[in-house]
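Enquirer: Okay, here's the structure, questions in a sec.
The values are calculated or read from the model by the stated rules, or taken from the named source; none is laboratory data. This structure is a prediction, so every number in the text was calculated from the model and none was measured. Here Cβ is always computed from backbone atoms with ideal geometry, including for glycine, and neighbour counts include all displayed protein chains.
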Amino acid sequence: MQKSWRIKDLLEWTTRYFFDRGMQESRLEAEILLAHVLKKNRVYLYANYEEPINQTERETYRGYIKRRLGGEPLAYIVGHKEFMSLDFRVSADVLIPRPDTEVLVETAVRLAQVQDIKRICDVGTGSGAIAVSLAVYLPLAEIYAIDLSPAALNIARENARIHNAAVHFLEGDLLEPIDKMEKFDMITANLPYITSAQIEELDAGVKDWEPRMALLAPGDGLDIYRRLLPQAYQILNPGGYVLWEIDPRQAEAAKCMMKDFEEVEIIKDEAGRDRLIKARRTI
């Protein structure tokens, strides 16, 4: 007689299976994958512990387990990731939003709440996590977002639609799509800053699955920002801000690049690592 599998049984079996293979968050990942199969949230699993799982659902779940053990990031399997308490659609065309980047959005929001910041442009928007979060938390601001990848922009537009966020999307390299007569009060950027040597240090789920175009930068990892900063200076209003994410090892070199700006500050992420350069265009 074939065994009848319940939600409880599958979660317990998968948790052990993942744990035995070295996955630290084995229970959480088992829950997220099963909730995705059932098109429910994780609370539903606990409220319906005894519910049987049919064969089709089990086969789908088994396929997800194989993909996860093959190294594919959980966010790509389920197609979404939380950022700034918002749910963002993701695919292999974009980087998975990370908690480290939330400090950029939080800093931008705090500045906008005390300064006269009406127009913000996010460069290299990817999934749109930064731009859409800013549009949600700063509904009176006018938000622009630029990316070189048409596929990434499709994901970003979908995220803007999901969150009913008013964002103007442009395709192109850095700030080139912006008319030079346009002026902004803030430029945000999370551009590629990983060097070819550092890429091998990354977790396999990152280096083997996430788009290298969005990770790798030439030279010391700051060359793309060296191209961005003069462009940003030109379109920023006097007193406008630039916020850009860095690798903690780049902090001092990045700070030295800001000679044309004032009030230069290195801001730490939640883990206490240097993560963000904040600077102001001279008034």
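Enquirer: Any residue that is within 27 Å of P139 (Cβ to Cβ) and of a type in the set (V, I, T) - is there at least one of those in segment 206-226? Break it down stepwise before answering.
Expert: So in segment 206-226, the residues within 27 Å of P139 (Cβ to Cβ) come out as none.
Checking segment 206-226: not a single residue is within 27 Å of P139 (Cβ to Cβ) and of a type in the set (V, I, T).
Enquirer: Condition test on L243, is it assigned to a strand (DSSP E or B), touching a Ser or Thr at 6+ places or on another chain (Cβ under 6 Å) and closer than 28 Å to N154 by Cα?
Expert: yes
Enquirer: Something else about it: Kindly provide the set of residues from segment 171-212 that are among the hydrophobic types (A, V, I, L, M, F, W, C) and surrounded by 16 or more Cβ atoms within 10 Å (Cβ to Cβ), ordered by number. Even if it seems obvious, please write down each step before you answer.
Expert: From segment 171-212, those among the hydrophobic types (A, V, I, L, M, F, W, C) are 174-175, 178, 181, 184, 186-187, 189, 191, 194, 197, 199, 202, 204, 206, 209; that's our starting set.
Result: L174, L175, I178, F184, M186, I187, A189, L191, I194, V206, W209.
Enquirer: Scan segment 79-99 residue by residue and report those that are surrounded by fewer than 17 Cβ atoms within 10 Å (Cβ to Cβ) and farther than 17 Å from N154 by Cβ.
Expert: E82, S85, D87, R98, P99 - these are the residues of segment 79-99 that are surrounded by fewer than 17 Cβ atoms within 10 Å (Cβ to Cβ) and farther than 17 Å from N154 by Cβ.
Enquirer: Would you mind finding the one in D122, D116, D100, D87 that is closer than 30 Å to K183 by Cβ, charged (D, E, K, R), in a strand (DSSP E or B) and in contact (Cβ under 8 Å) with a residue 40 or more places away in the chain? Walk me through how you get there before you give the answer.
Expert: Details: D116 fails: in a strand (DSSP E or B); D100 fails: in a strand (DSSP E or B); D87 fails: closer than 30 Å to K183 by Cβ.
None of the others qualify; the one that does is D122.
Enquirer: Select from segment 250-283 the residues that are without any contact (Cβ under 8 Å) to a residue 24 or more places away in the chain, surrounded by fewer than 16 Cβ atoms within 10 Å (Cβ to Cβ) and assigned to a helix (DSSP H, G or I) and write down the one among them that is farthest from the chain's Cα centre (by Cα).
Expert: The residue in question is C256.
Enquirer: I need every pair where a residue in segment 161-187 that is in the same structural domain as S149 (by TED's automatic domain parsing) has its Cβ under 6 Å from the Cβ of a residue that is polar (S, T, N, Q) and at pLDDT 95 or above, sequence separation at least 6 or different chains.
Expert: From segment 161-187, the pairs are L174/Q231; L175/Q231; K183/N237; D185/N237.
Enquirer: Would you kindly identify the helices (runs of 4 or more DSSP H) lying entirely within segment 1-63 that contain at least 3 residues that are in contact (Cβ under 8 Å) with a residue 60 or more places away in the chain, among the aromatic types (F, W, Y) and within 17 Å of L74 (Cα to Cα)?
Expert: Values: elements: 7-20, 26-38, 42-47.
Because the criterion is at least 3 residues that are in contact (Cβ under 8 Å) with a residue 60 or more places away in the chain, among the aromatic types (F, W, Y) and within 17 Å of L74 (Cα to Cα), no helices (runs of 4 or more DSSP H) in segment 1-63 meet it.
Enquirer: Does K66 count as basic (K, R), surrounded by fewer than 17 Cβ atoms within 10 Å (Cβ to Cβ), farther than 30 Å from A135 by Cβ and not assigned by TED's automatic domain parsing to the domain that holds K268?
Expert: Numbers: basic (K, R): yes; surrounded by fewer than 17 Cβ atoms within 10 Å (Cβ to Cβ): yes; farther than 30 Å from A135 by Cβ: yes; not assigned by TED's automatic domain parsing to the domain that holds K268: yes.
Taking the combined requirement at face value, the residue satisfies it.
Enquirer: OK, next. Within segment 63-115, how many residues turn out to be among the polar types (S, T, N, Q) and at pLDDT below 95? Give the steps one after another, and end with the answer.
Expert: So the first thing to find is which residues in segment 63-115 are among the polar types (S, T, N, Q), and the list is 85, 91, 101, 107, 113, 115.
Narrowing further to those that are at pLDDT below 95: 113, 115.
Counting residues in segment 63-115 that are among the polar types (S, T, N, Q) and at pLDDT below 95 gives 2.
Enquirer: In addition: As an exercise: evaluate A129 against (1) touching a residue at least 40 places away in the same chain (Cβ under 8 Å); (2) within 23 Å of W244 (Cβ to Cβ); (3) more than 25 Å from the chain's Cα centre (by Cα) and give the number of the one condition it does not meet.
Expert: (3)
Enquirer: Look through segment 218-239, keep the residues that are within 18 Å of D122 (Cβ to Cβ) and of a type in the set (A, V, I, L, M, F, W, C), and return whichever of them is surrounded by the most Cβ atoms within 10 Å (Cβ to Cβ).
Expert: A232
Enquirer: For E106, which of the numbered conditions (1) surrounded by fewer than 16 Cβ atoms within 10 Å (Cβ to Cβ); (2) free of Cβ contacts under 8 Å to residues at least 40 places away in the same chain; (3) of a type outside the set (A, V, I, L, M, F, W, C); (4) in the same structural domain as T188 (by TED's automatic domain parsing) fails to hold?
Expert: (1) is the only condition that E106 fails.
Enquirer: Filter segment 1-43 down to the residues that are of a type in the set (S, T, Y) and surrounded by 14 or more Cβ atoms within 10 Å (Cβ to Cβ), then identify the one that is farthest from R62 (Cα to Cα).
Expert: Filtering segment 1-43 for residues of a type in the set (S, T, Y) gives 4, 14-15, 17, 26.
If we keep only those that are surrounded by 14 or more Cβ atoms within 10 Å (Cβ to Cβ) too, we end up with 14-15, 17, 26.
Values: T14: 9, T15: 13, Y17: 12, S26: 15 Å.
Step by step, filter segment 1-43, then rank; the result is S26.
Enquirer: What is the residue count in segment 252-283 for residues that are of a type in the set (V, I, T) and modelled with pLDDT of 95 or more? It would help to see each step written out before you state the result.
Expert: Filtering segment 252-283 for residues of a type in the set (V, I, T) gives 264, 266-267, 277, 282-283.
Going one step further and asking which of them are modelled with pLDDT of 95 or more, we end up with 264, 266-267, 277.
Summing the residues that are of a type in the set (V, I, T) and modelled with pLDDT of 95 or more in segment 252-283 gives 4.
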